[in-house]
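The values are calculated or read from the model by the stated rules, or taken from the named source; none is laboratory data. As the structure is a prediction and not an experimental result, all values here were calculated from the model. Cβ atoms come from the backbone with ideal geometry, glycine included; neighbour counts cover every protein chain shown. Remember, those area values only see protein heavy atoms, side chains included, never the ligands or the DNA or RNA. Shrake-Rupley method; radii C 1.70, N 1.55, O 1.52, S 1.80 Å.
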Amino acid sequence: MKNFFLSLKTAVWLLTGLICVFFLGSYLMPAYRDVHGAMNDRLLFEWVGQVAVDHPWVTGWFFLALAALILLTINTLVCSIQAVRGKWSHEDFLLRISPQVVHMAFLVILLAHLLGAGWGYRISGMLPEGGFGRLPDGRVLQLKAIRIQGDPYGYIRNWSADVAVYDNDREIAAGVLGPNAPLFTGGAGIYLKSFELQPSPMALLLVTKDPGAVWALAGSILFMIGTVIILILKWKKA
């Protein structure tokens, strides 16, 4: 079993299988929009538990991809551990460590997605002006006011919303939301999606929290560093 995960052919076949499964998913997703549409509106684990398990024949490609990613993760870990345990020399240190940095970046990015899918949240809804909404982490969001700016001809030129976040009746954050100006507080992002003035002023707000965002950034930086080192070393040896 160890030799299976140490083999480069294992990684190649797993990646090839992933590509094939993703091609299958690219066909099934638009063909069954009622099943896959919720993937964009919910967290991954929520979609799996509430939708995917009830439609196994339609979402089977996703579970195959998940299984392949798990095997690829084990393959990456085993190969990296084996490489680190080998003998090292000063001459080839960078050439040997840079692929392990890329491997680590891959694992960190997978961890980021796991954290976001399992321990984040994504909620949206209409909130009336002056109204309150409770967030999954126990904090409270208030929509204080909706501001509309018009031009001399009566057309809307800009719009924004004043919001505040409370924790145990204490205001911990406040700001002005715009179409492309969210408010970030406590690891969550608050977005203003749209608004309505009739029958009463209200706004559609989206609140997302992704605990894996920092890990995803760290993984991207590691991936860039490892890739650049490999390219430089290969270029020098050419």
| note | Sorted by chain and number, the residues with a modelled amide H under 5 Å from that of Ala145, at a separation of 5 or more or across chains, are Gly130, Asp162
| task | For segment 107-157, report the accessible area per residue in Å² (1.4 Å probe, heavy atoms, rounded to an integer). | result | 63 Å²
| remark: In whole Hz, the Karplus estimates of ³J(HN,Hα) for segment 203-217 (6.51, -1.76, 1.60; θ = phi - 60°; x where Gly or Pro) are 10, 8, 10, 10, 10, 10, 9, 10, x, x, 4, 5, 5, 5, 5
| said: Under a crude label model (7 Å from the Cα following the beta-carbon direction), how far is Leu18 from Arg134 in nanometres? | reply: 4.1 nm
| query | What is the calculated FRET efficiency for Leu95 to Leu217, with r their C-beta to C-beta distance and R₀ = 25 Å, to the nearest 0.05? | reply | 0.45
| remark: The relative contact order of segment 1-158, taking Cα pairs under 8 Å that sit 6 or more residues apart, comes to a percentage of 21 percent
| query | Among Lys237, Lys144, Lys209, Lys87, what's the order by accessible area (1.4 angstrom probe), most exposed first? | reply | Lys87, Lys237, Lys144, Lys209
| Area accessible to solvent at Ile74, 1.4 Å probe radius, in Å² | 70 Å²
| query | Under 20 Å from a point 7 Å along the Cα-to-Cβ line of Lys144: which residues of segment 188-226 have their amide N that close? | reply | 188-196, 201-207
| remark: Under a 1.4 Å probe, counting only protein heavy atoms, Tyr27 has an accessible area in Å², nearest 10, of 150 Å²
| Gap in Å between the Cα centre of segment 183-238 and the Cα centre of segment 19-71? | 23 Å
| task | Pop out the carbon and sulfur fraction of the accessible area of the chain as a percent, whole number, probe 1.4 Å. | result | 65 percent
| query | If you take the alpha carbon radius of gyration of segment 77-130 and divide it by 2.2 N^0.38 Å, what ratio comes out, to two decimals? | reply | 2.03
| Calculated [θ] (222 nm, deg cm²/dmol) that DSSP helices of n ≥ 4 give over the chain, each run adding -39,500 (n - 2.57) | -17500 deg cm²/dmol
| note | With x for Gly and Pro, the residue-by-residue ³J(HN,Hα) of segment 93-101, computed from phi through the Karplus equation 6.51 cos²θ - 1.76 cosθ + 1.60 at θ = phi - 60° and given in whole Hz, is 4, 5, 5, 8, 7, 4, x, 5, 5
| task | With the Cα gyration tensor of segment 1-44 in hand, give its eigenvalues times 5 under a square root as the equivalent ellipsoid semi-axes, listed largest first in whole angstrom. | result | 31, 13, 6
| field | Inter-label distance for Thr227 and Arg170, nm, one decimal - labels placed 7 Å from Cα along Cα-to-Cβ | value | 4.4 nm
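Could you work out the relative contact order of segment 112-177, using alpha carbon pairs under 8 angstrom and six or more residues apart, expressed as a whole percent?
Working: 96 pairs, mean separation 14.2, N = 66.
For segment 112-177, the relative contact order is 22 percent.
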| task | Can you spot the aspartates and glutamates whose alpha carbon is less than 18 Å from Lys237's alpha carbon? Ignore those fewer than 8 places along the same chain. | result | Glu91, Asp92
| remark: Here FRET efficiency (C-beta to C-beta, Phe4 to Asp34, R₀ 45 Å, nearest 0.05) is 0.70
| Which option, (i) -0.29, -0.67, -0.79; (ii) -0.41, -0.84, -0.94; (iii) -0.49, -0.90, -0.97, is the value of log10 I(q)/I(0) by the Debye sum over Cα atoms at q = 0.08, 0.12, 0.13 Å⁻¹ that was calculated from these coordinates? | (iii)
